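The values are calculated or read from the model by the stated rules, or taken from the named source; none is laboratory data. Not measured: the values here are computed from a predicted model. Methodologically, a virtual Cβ is constructed for each residue, glycine included, from the backbone with ideal geometry; neighbour enumeration extends over all protein chains shown. Surface accessibility is based on the protein's heavy atoms, side chains included, excluding ligands, DNA and RNA. Shrake-Rupley method; radii C 1.70, N 1.55, O 1.52, S 1.80 Å.
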Amino acid sequence: MKLYVGNLSFETTENDLQDLFEQHGAVNEVHLVMDRMTGKSRGFAFVTMNDDTQAGAAMTALNNHDLNGRSIKISDARPREDRAGGRPAGPRRNFSGPRR
């Protein structure tokens with residue numbers, strides 16, 4: 001089961017989350033989402049646990065738990081929504097060359 005963990009302190013590391021969630025069962029993966037431009041945490045992560053019962057216990061026990069001065073929020077991770085890709089809608093305009 002994949003869990004969404006939000007409201008994280010920017011100082012929270014993947015190891016912090018690994019240690020916290022392992023108190024409730026085996027953790028398969030921890031992914032702390034980082035900003036591409038700054039390299040800093042975006043304040044949320046995904047934790048994957050193979051056993052749904054352990055994941056549910058972790059969610060119940062750790063939701064609103066204080067971690068590094070922040071009350072973390074935990075819920076089931078939702079599938080990523082499709083985003084509009086590529087260029088914006090509308091006609092393609094060419095801005096190079098002389099104007100008529």
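What the table shows:
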item	result
Cross-chain or 6+ apart pairs with Cβ under 8 Å, segment 42-70 first and touching a residue at least 40 places away in the same chain (Cβ under 8 Å) and surrounded by fewer than 14 Cβ atoms within 10 Å (Cβ to Cβ), then in a loop (DSSP other than H, G, I, E, B) and not aliphatic (A, V, I, L, M)	ASN68/SER9; ASN68/GLU11; ASN68/THR12; GLY69/SER9
Any hit, segment 56-77, residues being of a type outside the set (Val, Ile, Thr), at positive phi and under 15 Å from the mean Cα position of the chain (by Cα)	no
Search result, residues across segment 58-75 that are out of contact with any helix residue (DSSP H, G or I) (no Cβ under 8 Å at 6 or more places or on another chain) and closer than 15 Å to MET1 by Cα	MET59, THR60
Segment 1-20, residues that are among the hydrophobic types (A, V, I, L, M, F, W, C), within 16 Å of ARG70 (Cβ to Cβ) and open to solvent by less than 20 Å² (accessible area, probe 1.4 Å)	VAL5, LEU8, LEU17, LEU20
Residue in segment 73-100 that is modelled with the highest pLDDT, counting only those that are out of contact with any Gly (no Cβ under 7 Å at 6 or more places or on another chain) and surrounded by 12 or more Cβ atoms within 10 Å (Cβ to Cβ)	ILE74
